[in-house]
C-alpha cells in the first residue's frame with residue numbers, strides 16, 4: 001500500500017464546526033484514501049456516497065432536525081463524491097452551524113462544481129486539501145535504490161496515477177491511460193458544462209501537450225481550433241479546475257525587457273500528456289526529453305508545495321531577447337529561480353536576471369539532485 005501524505009493532514013484537520021474538503025481529479029485515489037482513514041477512526045461515523053440516489057433523498061429535506069435523525073449519535077460525517085448532491089454547500093453549512101461538535105469530510109472530483117456550490121456557503125467553515133497523482137516523496141520509501149532511476153524514467157512516460165503505477169505491462173498502461181482520458185478526466189466537464197463534443201477538448205490538450213516549456217498564445221489556439229478566444233479561455237479554465245492542466249504566468253519586477261503577457265501550461269501528469277499525443281515510446285526513442293523533464297519536475301514541485309502548505313507565487317521568466325528561467329518562486333520575501341535539465345550541465349544564470357535580481361537564488365534541477373527539491 002502507498003501511504004498518501006494527506007492521510008495525516010486530513011486527520012489533523014478534523015475539528016468540530018469545520019468541513020474538510022478533499023478535491024482531486026478522478027482516479028487519483030480519493031475514495032481509497034478515505035476508506036483507509038475510516039479504518040483507523042475509532043469514533044462512530046456515517047459514510048455516504050453522493051453518487052447514490054438514496055444519499056440525495058436522505059439529505060434533500062433541509063432541516064437540522066432531519067440531519068440529526070440521519071446522524072443519530074455520530075459526530076463524524078464522511079461524504080464521498082459530494083459534488084453530486086444538489087445544494088451541497090448550503091446543506092453542509094446548515095449541518096456545521098446547527099449541530100454541535102459535528103466534523104465533516106467531503107470529497108469531490110469536479111473541483112469547479114464542488115467549489116462553486118460549496119465555496120461561498122462554507123466561507124470560514126472549510127479546510128480545502130488537494131489530492132494529486134502519486135508524488136516522488138510518496139514513492140521514495142517503496143523503491144529500492146537500485147530501481148529508482150529506471151522507475152523515474154518510466155514515470156516520465158506513464159505518469160503517476162495510482163492504477164497506472166501498479167500495472168506492469170506496456171499494453172495495460174496504454175489501455176488504462178486512454179480510458180482515463182476518455183472515460184474519466186473529461187467526464188465532469190462534459191456533464192456539467194453540457195459540452196456535447198469532446199473532440200475540441202482533446203485537440204486543445206494536444207496543442208498544449210506539444211507546447212510544454214513554450215509560451216502559449218490563446219489567439220493561435222483559437223485559430224487552430226476554429227473557436228473563439230473566449231471559448232478557449234473557458235476550456236482552459238475548466239481543464240484547470242478538474243486538475244488536468246495548470247499554468248504559470250510571466251514574472252516581472254518591472255524590467256522593461258521582461259515578457260509578462262504570455263503564459264505557460266503544464267500537465268499535472270506526464271502519462272496523461274503522453275497519452276493525449278499518442279506517444280508512450282521510451283526515452284531513447286523520443287525527441288522531447290527536455291519537455292518531459294520540465295513538465296514532470298514542475299508538476300512534482302506543485303504537489304510538494306501543496307502537500308506542505310507552502311505559501312508561494314509561481315512564475316516563469318523570459319526576456320524579449322530569449323533569456324529565460326523555467327520556474328521562479330516568490331516566497332518568504334525572496335526570489336528562487338530554477339532551471340530544469342535532465343543531464344548535469346553547466347548552466348549559467350541569465351545575465352539580465354542576475355543584474356536585475358542579484359539577491360535571488362538560482363539552482364539547476366537534474367536527475368541527480370531532484371529529490372531534495374520535490375521530496376524535502
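The values are calculated or read from the model by the stated rules, or taken from the named source; none is laboratory data. Computed from a predicted model, the values in this text were never measured in an experiment. Backbone-built Cβ (ideal geometry, glycine too); neighbour counts: all protein chains shown.
Only one of 218, 204 is out of contact with any strand residue (DSSP E or B) (no Cβ under 7 Å at 6 or more places or on another chain), within 12 Å of residue 263 (Cβ to Cβ) and either assigned by TED's automatic domain parsing to the domain that holds residue 298 or crowded, with 21+ Cβ neighbours inside 10 Å (or both). Can you tell me which?
Selected residue: 218, the only one of 218, 204 that is out of contact with any strand residue (DSSP E or B) (no Cβ under 7 Å at 6 or more places or on another chain), within 12 Å of residue 263 (Cβ to Cβ) and either assigned by TED's automatic domain parsing to the domain that holds residue 298 or crowded, with 21+ Cβ neighbours inside 10 Å (or both).
In the range 52-64, is there at least one residue being outside any helix (DSSP H, G or I), in the same structural domain as residue 126 (by TED's automatic domain parsing), free of Cβ contacts under 8 Å to residues at least 12 places away in the same chain and under 30 Å from residue 272 (Cα atoms)? Within the range 52-64, one or more residues are outside any helix (DSSP H, G or I), in the same structural domain as residue 126 (by TED's automatic domain parsing), free of Cβ contacts under 8 Å to residues at least 12 places away in the same chain and under 30 Å from residue 272 (Cα atoms). Quick check: anything in the range 257-264 surrounded by fewer than 18 Cβ atoms within 10 Å (Cβ to Cβ), closer than 21 Å to residue 188 by Cα, in contact with a helix residue (DSSP H, G or I) (Cβ under 8 Å, 6 or more places away or on another chain) and in the same structural domain as residue 330 (by TED's automatic domain parsing)? No: the range 257-264 contains no residue that is surrounded by fewer than 18 Cβ atoms within 10 Å (Cβ to Cβ), closer than 21 Å to residue 188 by Cα, in contact with a helix residue (DSSP H, G or I) (Cβ under 8 Å, 6 or more places away or on another chain) and in the same structural domain as residue 330 (by TED's automatic domain parsing).
Condition check: part of a helix (DSSP H, G or I) and in contact (Cβ under 8 Å) with a residue 24 or more places away in the chain. Does residue 48 satisfy that? Don't jump to the end; show me each part of the working.
Details: part of a helix (DSSP H, G or I): no; in contact (Cβ under 8 Å) with a residue 24 or more places away in the chain: yes.
For residue 48, the condition - part of a helix (DSSP H, G or I) and in contact (Cβ under 8 Å) with a residue 24 or more places away in the chain - is not met.
Filtering the range 28-43 for residues that are under 26 Å from the mean Cα position of the chain (by Cα) and either in the same structural domain as residue 190 (by TED's automatic domain parsing) or outside any helix (DSSP H, G or I) (or both) leaves a non-empty set. Among the residues of the range 283-313 satisfying the criterion of being outside any helix (DSSP H, G or I) and free of Cβ contacts under 8 Å to residues at least 12 places away in the same chain, which is nearest to residue 22 (Cα to Cα)? Checked the range 283-313; the qualifying residue nearest to residue 22 (Cα to Cα) is 309.
Take the residues of the range 237-282 that are assigned to a helix (DSSP H, G or I) and modelled with pLDDT under 95: which is nearest to residue 171 (Cα to Cα)?
239
Restricting the range 174-192 to residues that are surrounded by 15 or more Cβ atoms within 10 Å (Cβ to Cβ) and farther than 20 Å from residue 281 by Cα leaves a set whose member that is nearest to the chain's Cα centre (by Cα) is 185.
Restricting attention to the range 65-105 and to residues that are in a loop (DSSP other than H, G, I, E, B) and touching a helix residue (DSSP H, G or I) at 6+ places or on another chain (Cβ under 9 Å), the residue that is surrounded by the most Cβ atoms within 10 Å (Cβ to Cβ) turns out to be 85. Evaluation of residue 134 against the conditions (1) farther than 18 Å from residue 302 by Cα; (2) not in a helix (DSSP H, G or I) shows that the sole unmet condition is (1).
Within the range 277-330, the residues that satisfy the criterion of being under 19 Å from the mean Cα position of the chain (by Cα) and closer than 29 Å to residue 199 by Cβ are 291, 292, 294, 295, 296, 298, 299, 302.
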